[in-house]
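Remarks on the structure that follows.
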Amino acid sequence: MDLAVELSSRTGRTDAIYRALHSALTTGRVPAGERLPSTRDLARDLGVSRASVATAYERLVAEGFLETRTGAGTFATAAASDAAPARPRNPGVLRPRAGWRWQVRPASGDRPAPAHDFRVGIPDASLFPFDTWRRLLAAESRAGGPAAGSYGGPAGLPRFRAAVARYAAGSRGVRAGADDVVATTGAQQALDLVARVLLEPGDVVAVEDPGYPEARELFALHGAEVVPVPVDADGLVVDRIPARARLVYTTPSHQFPLGMPLSLARRRALLAHAARHGAAVVEDDYDSEFRRVNRPLEPLQALDRDGRVVYVGTFSKSLLPGLRVGYLVAPPSLRDALLAARQLTDGHGAVHVQGALARLIDDGLLARHVRKASAVYAERHEILLDALAGLPVEVVPSAAGLHVAAYLADGVPVGSQAVVARARRRSVGLESLAAFATGPHRDGLVLGVGGAVTSSIRPGIQELGRLLEA
């Protein structure tokens, strides 16, 4: 216990020690049940006689704030905590900078999962190979990383980057070597690093509409002018991208949240636009491992010949969000700046987690997990589509990912936001398409299959159907 005592008090040292202890006990700084130092130890720390401390302790015992236990010591009682005054918390005088408008968004872990869980972006944690992961993590923790007691490099553990390069090449067609990979704590940090390196305040960033809100708000946080660009059946409408856009953010493999892929013609048009106007392209490939077709389209990164594409990947969907591991693949011209930005803002990631994940990849265990999870998610996807067939909705076709978007049919008497709110009260979790759009857009719902229990899908959709007809 760190006790500050004003020993120059005119009332004497015993009284000064008593008042300091009394204050610590009755303000909650010493909680009920906590053991106090022995009279000998506290006297030595304060530089006073043991008798002065013992007298102060005896007075507090008599008042009920302390109790002595034979052979155990002296402890704070519940009476001390009960005496603590309820003080209003001082809100402080500091305020965010002028123009601050961002608020904390609800997270999926903030509340218990609903009985019928169609929330977006949630993988099935029950599929995760916990026993294998614990073994790998324990082995890496014992190994101590690159050097015991040292800090890791901002790029990440070298064998992790090499494993990621091989995995991204084999599963997604990304062209990269280990030196092209930068480890991040998820996709959001990757976007933040790109924004720090490429954007000046006032630069224009083109984003999909509807699209990923956290990306849109992150670019705005860095002072960018964020311009929404519409999406149609072929994905991002390239002709609507402003010529002055410094950066274009897109989700070409599985458009978020609608689900269609960016067509090959649009991919080439986007790269041509970027070359013509000197723009960078951020390709967010967040869940395309779970595809339902044999041959996916080539990523923009593989089609890029000028080094304009930054590819962003994450293990939050293929494994678990709690691992906090992602990566970006950057052209060599940006690599040093991105590494400097990572080092200045976050230092480095958890090397033992990166090491365990490298082993998971190299041993083929990640690929095995993805195959198993893909089969489960594909079954749920089919059940969901079949159940939605009887509802007044129009499902948007998609060939990959963990969610489905569905437009509300004309004549549905209630809007999607009201449906979502009412569904939540009936333990059905889903999302409104309006939550992802910045302007007028066709109303609809977004339903995930990652967190859904297979047996709960049909009952949940039946409940949704009753809400849509209400």
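The values are calculated or read from the model by the stated rules, or taken from the named source; none is laboratory data. Computed from a predicted structure; not experimentally measured. No Cβ is skipped: glycine too gets one built from the backbone with ideal geometry, and neighbour counts run over all protein chains shown. The protein model used for the area step is the full one, side chains on, heavy atoms only, and it has no ligands, DNA or RNA in it. Shrake-Rupley method; radii C 1.70, N 1.55, O 1.52, S 1.80 Å.
Observations on the model:
- Rg ratio for segment 239-387: its Cα radius of gyration over 2.2 N^0.38 Å, N being its residue count, equals 1.18.
- Degrees, to the nearest 10: 50-62 long Cα axis against longest axis of the chain: 70 degrees
- If you wrap the Cα atoms of segment 337-409 in a convex hull and average its projected area over all directions, you get 8.2 nm².
- Accessible area (Å², 1.4 Å probe, nearest 10) - Glu208: 10 Å²
- Relative to the longest principal axis of the Cα atoms of the chain, helix 351-362 runs at roughly 30 degrees.
- For the chain, the Kirkwood estimate of the hydrodynamic radius, built from every pair of different alpha carbons, is 26.0 Å.
- Positive-end ranking of Ala125, Val53, Gln255 along the dipole of the chain, with charges on Cβ about the Cα centre, is headed by Val53.
- Unit charges on C-beta of K, R, D, E only; dipole of the chain, Debye: 780 debye
- Cα convex hull of segment 289-355 - mean projected area over all directions, nm²: 6.1 nm²
- For segment 178-268, a simple Cβ point-charge model (Lys and Arg +1, Asp and Glu -1, everything else neutral) yields a dipole of about 220 debye relative to the Cα centre.
- Overall shape of segment 113-234 was characterised from the C-alpha gyration tensor. The equivalent ellipsoid obtained from it has semi-axes of 32, 23, 16 Å, in decreasing order.
- DSSP assigns beta bridges within the chain; of those with both partners inside it, close to 55 percent run antiparallel.
- Accessible area per residue for segment 334-470 is 43 Å², calculated with a 1.4 Å probe on protein heavy atoms, without ligands, DNA or RNA.
- Counting only alpha carbon atoms, the long axis of helix 13-26 and the longest principal axis of the chain meet at about 30°.
- Of the whole protein surface, Glu469 contributes about 140 Å² of accessible area at a 1.4 Å probe radius.
- Once the C-beta distance of Asp306 and Val453 is scaled by a Förster radius of 41 Å, the resulting FRET efficiency is 0.30 to the nearest 0.05.
- Computed over the chain: relative contact order in percent, which uses C-alpha pairs under 8 Å that are six or more apart: 19 percent
- The residues of segment 90-193 present an accessible area of 57 Å² per residue when probed at 1.4 Å with all protein chains retained.
- Contour minus Cα-Cα distance for Thr132 and Ala113 (0.36 nm per residue): 4.3 nm
- Placing +1 on the Cβ of every Lys and Arg and -1 on the Cβ of every Asp and Glu, with no other charges, gives segment 329-436 a dipole of roughly 360 debye about its Cα centre.
- Share of carbon and sulfur in the accessible heavy-atom surface of the chain [1.4 Å probe, %]: 51 percent
- When the alpha carbon gyration tensor of segment 164-290 is reduced to an equivalent ellipsoid, its three semi-axes come out at 21, 19, 14 angstrom, largest first.
- Zone residues, segment 230-254, relative to Glu217, backbone N less than 20 Å from point 7 Å out along Cα-to-Cβ: 249-251
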